[in-house]
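Nothing in this text is a laboratory measurement; each read-out follows from the coordinates by a stated rule. Nothing here was measured: the structure is a model prediction, and the numbers come from that model. Glycine also receives a Cβ, built like all others from the backbone with ideal geometry; neighbour counts cover every protein chain displayed.
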Amino acid sequence: MYPSRRIDSTSSFPTYWYDGAMTTISSEPRNCSVARTLEIVGEKWALLALREVFLGNRRFDEMVRRTGAPRDTLTARLKTLVGAGVLERRPVSEHPPRFEYRLTQAGLDLYPVIVSLMEWGDRYLTNGEAPPMELTHHCGHRLGAVTVCGACGEAVLARDVRPTPHRTTS
């Protein structure tokens, strides 16, 4: 049980005083890379815009047509992705002014996330039907998302990982 001692009181019920060390409970949210990432890409239209760029549809009108996103919403999401350095906006013609969106290295690094989301949806949300699209690797086989340990090469399962806080050295 907890370290405690009984104290005298006027109550007919025994009263105890906690006598152990107090832990600090922060009222601040956890400092979390997932939360920071979701601020940028954690909205449906942002992820669908990234999907389209990965599939080669880099122009705004193509993205609107293929995602079904409202134009003003997609404009806002693309501005966020450009501002965060995930995409860059490049001119493709001057008259009329036309632009396309290209992935930066930060954007390219999100490819495993898109593939994992697609694979999860194919596994759990197709109601037994064939997936709407498959990704084929240049070796000719169907692409699947697999997370492996960079040191030993083993497939990573959640039960095999433990979170450890990053320690800064002074």
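Odds and ends about this structure:
- Relative packing of peptides 71-77, 48-54 - highest average C-beta neighbours within 10 Å first: 48-54, 71-77
- Residues PHE99, PHE60, sorted so that the one with the fewest Cβ neighbours within 10 Å comes first: PHE99, PHE60
- Measuring nothing but how far apart in sequence close Cα pairs (under 8 Å, 6+ apart) lie, relative to its length, region 33-104 scores a relative contact order of 29 percent.
- Between amide H atoms placed 1.01 Å from N, distances below 5 Å from THR104 occur with LEU87, GLU88, all of them 5 or more places distant or on a separate chain.
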